[in-house]
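Reviewing the structure listed below.
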Amino acid sequence: MRCPFCRNRGNRVVDSRMSSDGVMIRRRRMCTSCKRRFTTYERVEEATPMVVKKDGRREPFERSKIIAGLKRACEKRPVSMEMIDSIASTIESSMAEQGDREVQSSAIGLAVMNELHKIDQVAYVRFASVYRSFKDIDEFMHELEDLIKERKQPAHPRAADKKGDPQS
């Protein structure tokens with residue numbers, strides 16, 4: 001591994017720590033030439049599926065594209081890079097665990113929307129507006145109305161079922 005400062009290949013690991021989810025190892029390294037420190041991350045390379053785009057093209061799964069979309073959606077929102085990275089890891093793992101050789105890009109988009117919906121509704125609406133490419137303001141307003149309805153519902157779905165379901 002080359003030093004990002006002086007490009008020398010000689011370095012040594014000063015500290016190693018596992019991420020909280022156990023998926024990645026963070027290593028602090030020190031260059032043997034310039035003595036500066038830098039951080040590297042190590043993760044298991046999983047066999048990820050090919051992504052089938054809307055137009056039928058196939059391309060390799062790229063975690064960086066998920067992160068880029070999340071960054072855009074979460075811009076100026078209280079969402080940390082650690083959270084963005086965690087969401088990307090969750091989606092990448094779930095796609096690999098399915099065991100399919102191919103996955104539709106729409107499935108990845110829905111997974112990103114589901115994760116954003118849990119953490120930041122403004123970021124969710126931003127992502128949804130691009131992902132779903134709303135044709136007009138009515139479609140956009142419909143999505144916002146759905147969010148408002150969800151927010152007004154009780155936190156526990158079972159409580160809502162007991163109130164409205166005569167069979168309970």
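The values are calculated or read from the model by the stated rules, or taken from the named source; none is laboratory data. Given the structure is predicted, the values throughout are model-derived calculations rather than measurements. Virtual Cβ from ideal backbone geometry, glycine too; neighbours counted across all protein chains shown. Side chains included, ligands, DNA and RNA excluded: accessible areas come from the protein's heavy atoms. Shrake-Rupley method; radii C 1.70, N 1.55, O 1.52, S 1.80 Å.
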Residues of the stretch 57-88 satisfying the condition of being charged (D, E, K, R), open to solvent by less than 40 Å² (accessible area, probe 1.4 Å) and touching a strand residue (DSSP E or B) at 6+ places or on another chain (Cβ under 7 Å): E59
Residues satisfying the stated conditions in the stretch 10-53, i.e. closer than 16 Å to E97 by Cβ and polar (S, T, N, Q): T48
Subset of the stretch 23-56, residues open to solvent by less than 70 Å² (accessible area, probe 1.4 Å), assigned to a strand (DSSP E or B) and modelled with pLDDT of 90 or more, comes to I25, R27, R28, R29, M30, C31, F38, T39, T40, V51, V52
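Identify the residue in the stretch 1-22 that is among the charged types (D, E, K, R) and within 25 Å of the chain's Cα centre (by Cα) and, among all such residues, is least open to solvent (accessible area, probe 1.4 Å).
Going through the stretch 1-22, the residues among the charged types (D, E, K, R) turn out to be 2, 7, 9, 12, 15, 17, 21.
Next, from what is left, pick out any that are within 25 Å of the chain's Cα centre (by Cα): 17, 21.
Values: R17: 145, D21: 86 Å².
For the stretch 1-22, the residue satisfying everything is D21.
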Select from the stretch 65-100 the residues that are free of Cβ contacts under 8 Å to residues at least 40 places away in the same chain, closer than 16 Å to A123 by Cα and of a type in the set (G, A, S) and list them in ascending order. A68, S80, A88
Confirm whether V125 is over 11 Å from G69 (Cβ atoms), among the β-branched types (V, I, T), open to solvent by less than 40 Å² (accessible area, probe 1.4 Å) and in contact with a strand residue (DSSP E or B) (Cβ under 8 Å, 6 or more places away or on another chain). no
